[in-house]
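Chemist: Mind looking over this structure? Questions follow.
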Amino acid sequence: MKLIEVPDYVAADFNQPPRHPSGKPNAVEQSLRRVYRITADALKDLEHPDWEINERQYHSVNCDEPYGFVNVEGKSFIYIEQRGQRLPIAIFKSSHLAAEYFVWRVSKGSRTIDWSTHLDMEP
């Protein structure tokens, strides 16, 4: 991990640990698993774009130089892989916002996430 310079208010928010409204143990991780799944559902059967979620937990049929979505230490990263290197596109504090952006980016705006699905996975 490397440091980047950002305004103090951004750093203060980003340095807060992720929380879930339920307050239950492992709630953040459970919610993230749901976000990954419904994000993959939104991109299912999309032709052409290569994509992967959470280190290929979910991925497109072709995955040569994919767009990627992964969470590291409470931050959600969107990247593109080119020539074996991951190039960051965006960093989000919210996995929900990251998922929305990822689906929009990969599908070129043609798909959206159905947030009403897989509610049984939410703590």
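Rule-based calculations on the coordinates, nothing more; no lab input. As the structure is a prediction and not an experimental result, all values here were calculated from the model. Quick reminder, even Gly has a Cβ in these numbers, built from the backbone with ideal geometry, and neighbours come from all protein chains shown.
Chemist: Would you please put 35-43, 20-28, 47-55 in order of how densely packed they are, using the mean number of other Cβ atoms within 10 angstrom per residue and starting with the highest? Before the final figure, lay out the partial values.
Modeler: Values: 35-43: 20.7, 20-28: 12.3, 47-55: 15.4.
Result, highest mean first: 35-43, 47-55, 20-28.
Chemist: Something else: Of Lys2/Lys24; Lys75/Lys108; Lys24/Lys93; Lys24/Lys44, which pairs sit farther than 26 Å apart, going by alpha carbon to alpha carbon?
Modeler: From the list (Lys2/Lys24; Lys75/Lys108; Lys24/Lys93; Lys24/Lys44), the Cα-Cα distance tops 26 Å for Lys2/Lys24; Lys24/Lys44.
Chemist: Give the Rg (one decimal place) followed by the Dmax (whole number) of the chain, computed from C-alpha coordinates and expressed in Å.
Modeler: According to the Cα coordinates of the chain, Rg and Dmax are 14.8, 42 Å.
Chemist: Please give me the summed charge of the neighbours of Asn54: other residues whose Cβ is under 13 Å from its Cβ, Lys and Arg +1, Asp and Glu -1. Walk me through the intermediate numbers first.
Modeler: Details: positive: Arg33, Arg34, Arg37, Arg56; negative: Glu29, Glu52, Glu55.
Every neighbour counted, the sum reads +1.
Chemist: Dipole size in debye (nearest 20) for the chain around its Cα centre, Lys and Arg Cβ +1, Asp and Glu Cβ -1?
Modeler: 160 debye
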